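See structure below.
The values are calculated or read from the model by the stated rules, or taken from the named source; none is laboratory data. Note that the structure is predicted; figures quoted are calculated from it, not measured. Don't worry about glycine lacking a Cβ; one is built from the backbone with ideal geometry, like all the others, and counts go over all protein chains shown.
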Amino acid sequence: MSYGDNPVDEQDHETGQAFGAPPSYVDQPGYGEPGSMPPTYRSWQTIAFVCGFLFNAILGLPAAGLSRWYSGRVPPLWANGNVLAAVQMSRRARAWLIASFVLDVLGIILLVVAFQGPRSNFNNPSDVAASLKTLVQQRLSDSSSPYYAPGVTVTSVVCTRAGTNTDHCVLKYSDGKTETGTATISGNGSRYITN
């Protein structure tokens with residue numbers, strides 16, 4: 001190349017494109033026919049807004065808003081002939097749209113977990129025994145009981161089925177004392193009352 005030569009006149013032998021010419025972004029996959037405007041994803045953004053509003057208003061809805069903002073910039077940039085900027089805005093809109101859907105899915109998962117929550121099933125005597133041991137141990141450690149010496153702990157609780165909705169429970173303490181009681185199960189196994 002000598003001084004005064006026009007670099008646009010020379011071509012790259014591998015791509016067939018003139019040196020110094022901007023690359024053609026509209027010929028890339030996913031961007032329609034050559035010469036057509038890049039996609040704006042408007043219908044997907046409507047779905048993203050609804051899902052963001054319903055399932056993740058904190059993160060999914062703003063991501064959908066950013067996607068809509070970027071896609072709104074595509075038509076004016078395309079109309080002004082700024083092809084590269086229009087393609088970049090379309091890609092950013094798509095990226096934020098994908099982020100919005102991912103955040104919405106996480107919101108759905110969190111909603112399911114929150115509404116399911118841990119549910120107790122006290123129809124099983126071993127579950128009643130474990131819960132009863134925890135409750136009695138908390139009472140012993142929280143207050144100074146006149147019936148037990150300080151430092152007494154629950155060593156074991158064994159509950160056995162005594163009827164349809166009742167369990168017979170035996171509590172053993174570290175000071176050698178034993179206590180018996182009856183647990184009445186109610187609420188279809190969701191709670192119990194001890195006597």
TODO: Being among the hydrophobic types (A, V, I, L, M, F, W, C) and at pLDDT 85 or above is the filter here, so list the residues in the range 155-179 that pass it.
DONE: Val157, Val158, Cys159, Cys169, Val170, Leu171
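Yes/no per residue for (1) assigned by TED's automatic domain parsing to the domain that holds Asn188; (2) basic (Lys, Arg); (3) free of Cβ contacts under 8 Å to residues at least 40 places away in the same chain; (4) over 30 Å from Ser131 (Cα atoms):
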site: Cys51; (1), (2), (3), (4): no, no, no, yes
site: Gly60; (1), (2), (3), (4): no, no, no, yes
site: Pro76; (1), (2), (3), (4): no, no, yes, yes
site: Asn80; (1), (2), (3), (4): no, no, yes, yes
site: Phe101; (1), (2), (3), (4): no, no, no, yes
site: Asp104; (1), (2), (3), (4): no, no, no, yes
site: Val112; (1), (2), (3), (4): no, no, yes, no
Open item on the list: So in the range 48-104, with the set limited to residues that are assigned to a loop (DSSP other than H, G, I, E, B) and within 26 Å of the chain's Cα centre (by Cα), which one is surrounded by the fewest Cβ atoms within 10 Å (Cβ to Cβ)?
Closed with: Ile58
Open item on the list: For the range 161-186, which positions are exposed (fewer than 11 other Cβ atoms within 10 Å of the Cβ) and closer than 15 Å to Val128 by Cα?
Closed with: Gly163, Thr164, Thr180
